[in-house]
Amino acid sequence: MIPDRYALAPMKDLWTPEAQYAAWLRVELSALEALERLGHVPPGVTAEVRGRARIDPGRIEALERETGHDLVAFLWALEEIVGPAGRWVHYGLTSSDVKDTALALTLVQALDLILDKAERLAGALAATAHRYRSSPILGRTHGQWAEPTTFGLKALGWWDELGRVRERLRRAREGIAVGKLSGAVGTHAHFPPEAEERALATLGLRPCPVATQVVPRDRHAEVLYALATAASLVERIALEVRHLSRSEVGEVAEGRPAGSSAMPHKRNPILSERLCGLARLVRAAVLPALEDNALWHERDMSHSSVERILFPQAFTLADYLLDRARDLVAGLVVHPERMAARIEEALGLPFSEGLLLALVRAGLPRQEAHALVARLAEEARTSGLPLDELAAHDPLVRQKLTAEELRAVFDLGRALARVGVSFDRARRLGYDPGGDPHA
């Protein structure tokens, strides 16, 4: 059971028993109509069933306690309401025909909701990338100062990854938009393939080309993998916000940070932390989904109980993650002045590679140049003097580089001169610097 605080409508409404029964009824009526149109069922039966059919969740649950089978209970309850014409419902079908086809309908709807949330997040990321395209920030690798980058380029990287996530979601939607109405082991022994094709077309689905009693579960695993990659991207964004929000960094802050019950000064990035935690649950669905693919012979039920938990949980949480990630990005408080200050505080160490390469260009062997710059960098750390000042007073550096060449090494604008290349490439992938259309 997912707490209501993490479950948003309309996604959460797709996974209720009432929604499941409605999807089952939709499949049964489409199958019945297809059989009637092909002359396998008496004329008028579909209209009679459709007109009388009602879903009574309480009665279905009572019958399930009696039968131990949810679909049988559904059919019995339906036949009680419909009357004699109800005997034609489920004609030639097996339970998985209805359940797998109905599940496909639900998964397609759920993926459409996820894709809409992903599009909204993409707009917020594009707007952030555009706004802070030229805002310098220290790059960090292994948690250590690296070369300068821009905050806009960070956001552009998130936008670019989201593009791949969206493509996976679209592929997963295409792969899962299949049903099967081919009978107990998929041989069409009692339900003709022409009726299957006709019924599935009315539902907006394609026939699964080769099925057993179930639709192969690799399709379902692909769906959950796509959701997991969306969750991992959200965690990537949230984790960066958490690091940059630390007191000793303070370069960004959540728009609505939380305080502490004990320490009034605190501004805790709890939304980012929450997103990182929930992302673990979505990713955790991938392994059992892959294990569901290996079933005994034409099917067993080892996947069924797993999917009853995995799909509602993974989709509800992925929907929440993307929704709140958009809020996080759109409401992010960015401090470019603090980013610039952190670069100044770094004593010129982020420009060490530029100094190394300048010495190499000037004729110094790379190993010797590397050792020289490493020594100067350590001296800067211990003395608190800037690297450019120490380099300017080093005899070997002065011998190899002019004052103008040394200034160029520590020129921030020069270091970031080619950041625009990534933005130009992103435009060819659909990056819209106009920003968030949903703001």
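The values are calculated or read from the model by the stated rules, or taken from the named source; none is laboratory data. Everything numeric here is computed off the predicted structure, so don't read it as measured data. Reconstructed Cβ throughout: ideal geometry from the backbone, glycine too, with neighbour counts over all protein chains shown.
Results, tabulated for the structure shown:
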| item | result |
| --- | --- |
| Failed criterion for His370 (all others in (1) under 29 Å from Arg242 (Cα atoms); (2) assigned to a helix (DSSP H, G or I) hold) | (1) |
| Residues of segment 294-315 classified as acidic (Asp, Glu) and in a helix (DSSP H, G or I), total | 1 |
| Residues within segment 159-168 that are of a type outside the set (Lys, Arg) and surrounded by fewer than 23 Cβ atoms within 10 Å (Cβ to Cβ), tallied | 4 |
| Residue identified as assigned by TED's automatic domain parsing to the domain that holds Leu156, over 23 Å from the mean Cα position of the chain (by Cα) and free of Cβ contacts under 8 Å to residues at least 40 places away in the same chain among Arg246, Arg198, Arg242 | Arg246 |
| Verdict on Asp56 being surrounded by 15 or more Cβ atoms within 10 Å (Cβ to Cβ), charged (D, E, K, R) and within 12 Å of Trp24 (Cβ to Cβ) | no |
| Which numbered condition Leu125 misses (of (1) in contact (Cβ under 8 Å) with a residue 12 or more places away in the chain; (2) surrounded by fewer than 19 Cβ atoms within 10 Å (Cβ to Cβ); (3) closer than 26 Å to Glu251 by Cα; (4) not β-branched (Val, Ile, Thr)) | (2) |
| Residues within segment 6-40 that are of a type outside the set (Phe, Trp, Tyr), closer than 18 Å to Gly179 by Cβ and buried (at least 18 other Cβ atoms within 10 Å of the Cβ), tallied | 13 |
| Residue check, Leu357 modelled with pLDDT of 95 or more, out of contact with any Asp or Glu (no Cβ under 7 Å at 6 or more places or on another chain) and not in a helix (DSSP H, G or I) | no |
| Scan of segment 217-248 for residues that are part of a loop (DSSP other than H, G, I, E, B) and either at positive phi or crowded, with 17+ Cβ neighbours inside 10 Å (or both), ordered by number | Arg217, Ser245 |
| Pairs with Cβ under 6 Å, 6+ apart, first in segment 201-212 and under 12 Å from Ile176 (Cα atoms), second of a type outside the set (Val, Ile, Thr) and not in a loop (DSSP other than H, G, I, E, B) | Leu205/Ala104; Leu205/Gly179; Pro207/Glu196; Pro207/Glu197; Pro207/Leu200 |
| Residue satisfying condition, being in contact with a strand residue (DSSP E or B) (Cβ under 6 Å, 6 or more places away or on another chain) and surrounded by 16 or more Cβ atoms within 10 Å (Cβ to Cβ), within set Thr106, Thr101 | Thr101 |
| Looking only at segment 381-411, and only at residues there that are in a loop (DSSP other than H, G, I, E, B) and not β-branched (Val, Ile, Thr), the one that is surrounded by the most Cβ atoms within 10 Å (Cβ to Cβ) | Leu401 |
